[in-house]
Structures are given as C-alpha cells and as structure tokens.
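Just below is one structure, and these are the notes that go with it.
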Amino acid sequence: MGFFVYRHLGLVGCNIAIMKRFLPLFILIGLIKGGSGFYLSPGLQIGMSTKGNFFSSIQVTLGYVDYEIPPAIGVTTGLRWYKVQNKWEKYRYNDLQIWGVYSGIGFGQMHDKDGNKSFRFKTGVGFFGYLTYDYTTSFDIAKHNIGFIGVLPIPIGDWSQFLL
C-alpha cells in the first residue's frame, strides 16, 4: 500500500526513508500504550505566499494517535510547487508534527531542486480541512505562506477504534 500511495500521490523524489526511521518509535509507543493506533493521511493544499506566488502541495503523513489522550504525532513528507513568472518551481519537505483535534504545529526542512535546505515551521486550525500558515527561513520565494489543506486520515489496522 505504501508504494501505491507514494507513486500515485506523486511523491516520487520525497524522502520516505525519513518516515521509515520513525516507524520503530511509533511501534514502541503503540506497544506501551493500549487504545491507540497508526494512521496514514494524504493531503492536498493550495495557497499563496505573502509575495503573491500561488502554490499547491501534496503530502502524506504516517502518524500515531492515542484515542484517549490526543494529540496525534506524525512524520510528513511532501512536494510543493510555487508558480513564479509563469513557471512552476518544485520543493520537497519533511516535517514532524503534533496535531490535536482542531489545531496543531509542525517543524522540519524544505529542500529546493539544488539540495539547499531551509527550516520550516507550520501551524493550522480546522477539522479534516485546515487553514494553514507556514514559514521558511531561507527561500526568498516564499518565507510566509497562507493556505488551505484537506486531509483524510486512514486508520492502519483496527478501524473500530476510529469509529467509536
């Protein structure tokens, strides 16, 4: 299923290996705590930078949630395209994030096509769809971004926990 999501969401070139490194941590947390589980959450985002550049993003999050005590934690990898002077520039990003039911924060790195890195901070409010703000430290193309992202958390394993 991972390859399907990876390939069909267009995440070729994203660093899925980073997500795999955190899998043992999530499994350990799951073994220690009962009433919890993993989820996979694809997301689609659109927005605009404060410099007026339109952007769109796709991402996938592998996360862990305790059904009794939020917040959910996750590792996200994604691609973002900015429209600059009638052409699209592509960036990759990887984030660690903590999301409660209606809001959350995350931090990570964004990479340009030349491998340059920039610190990235994000936050948002909403439910299955979030108004978002993110900030990158180094790329002049878009230090401040405002957007909307739709997500669809898909439980991995026992669905009954999500339905109760």
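Note on segment 108-160: residues that are assigned to a loop (DSSP other than H, G, I, E, B) and either at pLDDT 95 or above or of a type in the set (A, V, I, L, M, F, W, C) (or both) amount to 7. The one condition from (1) exposed (fewer than 15 other Cβ atoms within 10 Å of the Cβ); (2) part of a strand (DSSP E or B); (3) of a type in the set (A, V, I, L, M, F, W, C) that I69 does not meet is (2). The residues listed here are G52, G35; of these, the one that is loosely packed, with under 13 Cβ neighbours inside 10 Å, modelled with pLDDT of 60 or more and in contact with a Phe, Trp or Tyr (Cβ under 9 Å, 6 or more places away or on another chain) is G35. V75 meets the stated requirement of being assigned to a strand (DSSP E or B), surrounded by 15 or more Cβ atoms within 10 Å (Cβ to Cβ) and modelled with pLDDT of 95 or more. On inspection, W99 passes the criterion of being under 21 Å from F38 (Cβ atoms) and of a type outside the set (K, R).
The values are calculated or read from the model by the stated rules, or taken from the named source; none is laboratory data. This is a predicted model, so every value here is computed, not measured. Note: ideal-geometry Cβ built from the backbone for every residue, glycine included; neighbour counts use all protein chains shown.
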